[in-house]
Amino acid sequence: MDLASEIKQEDDLMNIIVKKIEQVNPDLIFVQDDCSTKAIEAMLRKEITVVSNVKESIMQRIGRLTQTLNCPSTNLISSDFSLGKCEMYSMENLAVKSLTRTVDSNDTTIIKLEGCLPFLGCTILLSGPDMNELRLVKHALKKMLRMSRQLILENEYYQFMRLAALPTSDRKTPFLHQKHLERQFLIFKKITF
């Protein structure tokens, strides 16, 4: 085989994969490893944003928050594939200082997924000059969040079992709250072109 036929085969395969992805109509795709430049450009022409080099633990967290499954292969994509959902996503560049070096704002990008169900989890970004103080704040915050979650769960359990006449409010707890979610996500573990 010559190089031109190899490139043509690769382009044909990429077009097939892009068409499969386009069938499910995602707005944003997370990829665990690298993604070819041609594939990213083809997705951008279809108005699909691609985020590559995402850690597996982050992929699992995104899957939980958006209520979808990680797709290990593009072969598993069909028109009835379950997409994750949230109301809005945005990207923000941050300037981060560490003890050893300063990172440019272009090197640290945070992607915010807003409108996910709050009881599925969240991310809290702590920053400050003193690492020891930040560790203490993080430890206290973790304890406070655990106690708050436990209190909410106990309250809902008692209301469900009608064991105690607890005051109810018009405001729903995060565990009973549902929103209409508009953005769609498709999550891949690995993709090769």
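The values are calculated or read from the model by the stated rules, or taken from the named source; none is laboratory data. Only a predicted model underlies this, so the values are computations on that prediction, with no experimental measurement involved. So basically every Cβ, Gly included, is an ideal-geometry build from the backbone, and we count neighbours across all protein chains shown. Surface areas here come from the heavy atoms of the whole protein model, side chains and all, with no ligands, DNA or RNA. Shrake-Rupley method; radii C 1.70, N 1.55, O 1.52, S 1.80 Å.
When Tyr157, Tyr89 are compared by accessible surface with a 1.4 Å probe, the order from highest to lowest is Tyr157, Tyr89. Computed as a quarter of the hull surface, the mean projected area of the alpha carbon convex hull for the stretch 1-157 stands at 13.6 nm². Rolling a 1.4 Å probe over the heavy atoms of the protein chains gives the stretch 1-70 an accessible area of 62 Å² per residue. Expressed as a whole percent, the accessible surface of the stretch 1-87 that belongs to carbon and sulfur atoms is 50, based on a 1.4 Å probe. Between the beta carbons of Lys142 and Lys112, assuming R0 = 22 Å, the FRET efficiency works out to 0.55 to the nearest 0.05. Max-minus-min Cα coordinates of the stretch 109-157 on each principal axis give 41, 26, 8 Å, with the largest extent listed first. Accessible area per residue (1.4 Å probe, heavy atoms of protein chains only) ranks Arg61, Arg146 as Arg146, Arg61, with the largest value leading.
Using the Cβ-Cβ distance between Phe119 and Lys19 with R0 set to 41 Å, the FRET efficiency from 1/(1 + (r/R0)^6) comes to roughly 0.65.
Between Asn93 and Asp33, the simple spin-label model (points 7 angstrom out along Cα→Cβ) gives 3.0 nm.
With Cα atoms defining each centre, the stretch 8-43 and the stretch 119-141 are spaced 37 Å apart in the structure.
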